[in-house]
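The structure appears right after this line, and notes come after that.
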Amino acid sequence: MHSKSTLALSFSILLSVLLLLGGTAKANELTLSVALGLSPQQAEQVYRPLVSYLSNAAGQPVTLKTSTNTLAHWQVMRREGYDIVIDGPAFTAYRAAKMGYTVIAKFPDVLSFTLIAHADQMVFDPSELIGRQVASQPSPSLGALGLAQIYSNPMRQPDFLQVDTHMDAGRAVEDGRALGAMVPSPLVPSFQNVIPVYTTEQFPSPGISISGRVSPEVRDRIRQALVDAQNTPAGRSVLEALNIPYIEAADNSVYLGHETMLEGLWGY
């Protein structure tokens, strides 16, 4: 019969093995973070094919990580090192400049944001929205940063209504909760009874960057799989879910300097 001490020792060894196995599995896992103005539920649906595609390309499991809004993403991003990140130009540039990430690809074309207003209100200039409610994701979202440039005088600004997603911002105008909203320009046709008031300068489209913790071999496999996505059935399913025609190669130079958009933000 085993003594209590022997049983305790056996249990301790078994527990150590289980913890070691669990730690190994977790260490083998890559995390994919996405912060492009979608709710966690929307992101889970849109990026599910990409998670599977990247897992196959990397040869190890990939897990999707999302945040409730851009501010939460910024706070978590500085504390926790995601392995693969799809993000707007300011955050992509920040990681490349300050966190040792490598940009491997980007969504096609360029990106801008448009300040919209309800068509019935006949707003034709941003100044007409001063003191009125304008919906946007909170800073440091690209939309909020664009609003800060438009309304640089803190004494002459709209009453900002913070929302979690770009669709929420546009819908706030549709249902009368806000007179204006800042949304990505391609989304403007998605909303009823709105007119464009102002469009920002163009920025690089969202970039895909990889942490320096990921081996160069895995990084190169992921890069190749992304830029070749339009050539395979699995890749085309990913592009269809993302609603883009292809993913193009890119490097850190594409986003160089855009991190300065975050200057003055806590933690910059």
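The values are calculated or read from the model by the stated rules, or taken from the named source; none is laboratory data. Note that the coordinates shown come from a computational prediction; the quantities given were computed from them, not determined experimentally. Cβ coordinates were reconstructed from backbone atoms using ideal geometry, including for glycine residues, and neighbour counts include every protein chain displayed.
Would it be correct to say that Ser215 is surrounded by 18 or more Cβ atoms within 10 Å (Cβ to Cβ), assigned by TED's automatic domain parsing to the domain that holds Asp83 and within 22 Å of Met77 (Cβ to Cβ)? So Ser215 does not fit the description; no. The set of residues in region 237-259 being of a type in the set (S, T, N, Q) and free of Cβ contacts under 8 Å to residues at least 12 places away in the same chain consists of Asn243, Ser253. Counting only strands (runs of 3 or more DSSP E) that fall entirely inside region 73-142 and contain at least 1 residues that are within 18 Å of Tyr47 (Cβ to Cβ), the qualifying elements are 84-87, 102-106.
Here's the yes/no breakdown for (1) in contact with a His (Cβ under 7 Å, 6 or more places away or on another chain); (2) of a type outside the set (Gly, Ala, Ser); (3) surrounded by fewer than 20 Cβ atoms within 10 Å (Cβ to Cβ); (4) part of a strand (DSSP E or B):
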position: Ala178; (1), (2), (3), (4): no, no, no, no
position: Met182; (1), (2), (3), (4): no, yes, no, yes
position: Glu201; (1), (2), (3), (4): no, yes, yes, no
position: Ile222; (1), (2), (3), (4): no, yes, no, no
position: Ala241; (1), (2), (3), (4): no, no, yes, no
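Restricted to region 40-68, and to residues there that are in contact with a strand residue (DSSP E or B) (Cβ under 8 Å, 6 or more places away or on another chain) and assigned to a loop (DSSP other than H, G, I, E, B), the residue that is farthest from Thr165 (Cα to Cα) is Gln60. Residue under question is Asp168, and the condition is that it be assigned by TED's automatic domain parsing to the domain that holds Ala249 and either in a helix (DSSP H, G or I) or basic (Lys, Arg) (or both); does it hold? In short, no.
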